[in-house]
Every structure is written in structure tokens, then in C-alpha cells.
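A short worksheet on the structure shown next.
The values are calculated or read from the model by the stated rules, or taken from the named source; none is laboratory data. Bear in mind that the values here come from a model prediction, so they are computed numbers and not experimental data. Glycine also receives a Cβ, built like all others from the backbone with ideal geometry; neighbour counts cover every protein chain displayed. Protein only, heavy atoms only, side chains kept; ligands, DNA and RNA dropped before computing areas. Shrake-Rupley method; radii C 1.70, N 1.55, O 1.52, S 1.80 Å.
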Amino acid sequence: HPPKTLKYFQNAVSFDLAIPYYGNADKIRYRYRLDGLDNDWIENGNNNNISFHPLQPGDYIFHAGASLNGVDWFEGNEIIAFEIKPPFWKTWWFYVLVATCTVAIVFAIYHFQLQKKLEVERLRMGIARDLHDDIGCALSNIHIISSIAMRNQNDEKAASTFSKIKNSSKTMLDNMQDIVW
């Protein structure tokens, strides 16, 4: 017989033993063995009911025997094989699924953070480009206008002031280029 398959919550199993004996039933002694739980014979006295609860998931084979004198044992030809399946959360495929999902979530979080960092970097580069263009243009205009005013001015004091404006705007333009890049 192929083994019977039980679900993880069907872990209480009972057997009732019967032998074809028509004499005094109190003389009958029973014993059993459940391979997968205990490989030794266990004597059960004259009690013909055997119960197991709870059994862990696994493969089991039940053997039974009887005796009239407690010395000569007769084993039944019928063995009962059964399997108790583990719950789905204790199976290998569930562990693989959890590991795969964990890796996917970690990768998604990493990818999301990387995209955010790239977005901030693009924004920063755009601001730097705009800042360079706007301030650079204004500083260049100040530099050019102060140079023209300096050439057209005959006053020595005004020429000195325009020269300072020209040099400051040139220094500021060079420093801004260094800061932006």
C-alpha cells in the first residue's frame, strides 16, 4: 500500500488492534512499534487502543503484535505507512520564496535610494549650471562695464574705484567657476 498522506494538523493518530481469538480476551497482550518515532517495541498490556498525539511531520510505519503468554509474539502481516506533511511555512520552497522576496525587497530599496540620489545629483547639476550661467553673465557684464568706464574716466580716484570693481568681479568670476565645478 502506498503511504497515506496527512496534513500537518492531522497529527493525532489512533489504532485499534484486534486478533481472531475466541478464548479469554483478558489473556491477550499487545505491543506496537512506530518507525519514525521509536524503533523499539512498546508493550501495551491488554489495551488494544494505541494513540499518538501530537506527531511531528515525517514518515511513519506502524507495526503491531500480540501474544497470549507475553513470551511468544505474533506480528501482524499488515503494516500501516503514513506521512504527515509539514505546514507550508516549514517547506523548502517557502524558504526559497522568502529568501527571493527578501532579496527583491532589498534590491528595490537600494534601487529606489540610488534613483533618489541620482535625481538629487541631476537637480544639483542643473542648479549649478543655471547659477554659473546667470551669475557668470552678470559678473562678466560688471567686468566689461567697469573696464569701459575706467577708460572713459579721467578722474584718478574714479579710475581706481573702477579698477577695484573690475578686479573684484574678475576674481569673483574665477572663484565661482571653481565652486560650481
Self-check item: Accessible area expressed per residue, the chain, with surrounding protein chains retained (probe 1.4 Å, Å²)
Solution: 75
Self-check item: Structure-based [θ]222 nm, the chain - -39500 (n - 2.57) summed over DSSP H runs of at least 4, per residue, nearest 500
Solution: -17500 deg cm²/dmol
Quiz prompt | Residue-wise HN-Hα coupling along the range 131-140, computed from phi with Karplus coefficients 6.51, -1.76, 1.60 (Hz; x: Gly, Pro) | solution = 4, 4, 5, 5, 5, x, 5, 5, 5, 4
Quiz prompt | Around E83: net Lys/Arg minus Asp/Glu count, Cβ-Cβ under 15 Å | solution = +2
Exercise. Set the Förster distance to 25 Å, then compute FRET efficiency between I42 and F74 from the Cβ-Cβ distance, nearest 0.05.
Key: 0.95
Quiz item: Based on the alpha-carbon gyration tensor of the chain, what equivalent-ellipsoid semi-axes (square roots of 5 times the eigenvalues) come out, in whole Å, largest first?
Solution: 102, 12, 9
Quiz item: F162: net charge of surrounding residues, Cβ under 15 Å, Lys/Arg +1, Asp/Glu -1, itself excluded?
Solution: +3
Quiz prompt | If the convex hull is drawn through the Cα atoms of the range 13-119, its volume per residue in Å³ | solution = 100
Self-check item: Karplus 3J(HN,Hα) series, Hz, for the range 87-103 with 6.51 cos²θ - 1.76 cosθ + 1.60 (x for Gly, Pro)
Solution: x, 4, 6, 10, 9, 5, 5, 5, 4, 5, 4, 5, 4, 5, 5, 4, 4
Practice problem: Find how much the distance from R122 to Y22 grows on full extension, using 0.36 nm per residue of separation minus their present alpha carbon separation; answer in nm with one decimal. | Solution: 26.5 nm
Exercise. Take the Cα radius of gyration of the range 90-181 and divide it by 2.2 N^0.38 Å, with N its residue count; two decimals is plenty.
Key: 2.26
Quiz prompt | All lysines inside 27 Å of K90 as judged from Cα atoms, apart from same-chain residues fewer than 8 positions distant | solution = K4, K7
Quiz item: Normalised by the residues of the range 1-145, what does the relative contact order come to in percent, with Cα pairs under 8 Å and at least six apart?
Solution: 23
Practice problem: Whenever you get a sec, compute what percent of the accessible area on the chain sits on carbon and sulfur atoms (1.4 Å probe). | Solution: 59
Quiz item: Highest GNM mean-square fluctuation, the chain, Cα pairs closer than 10 Å: which of D155, D40, D134?
Solution: D155
Practice problem: Among F112, Y8, Q56, flag the residue with its Cα farthest along the positive direction of the charge dipole of the chain, charges on Cβ as +1 for Lys/Arg and -1 for Asp/Glu. | Solution: F112
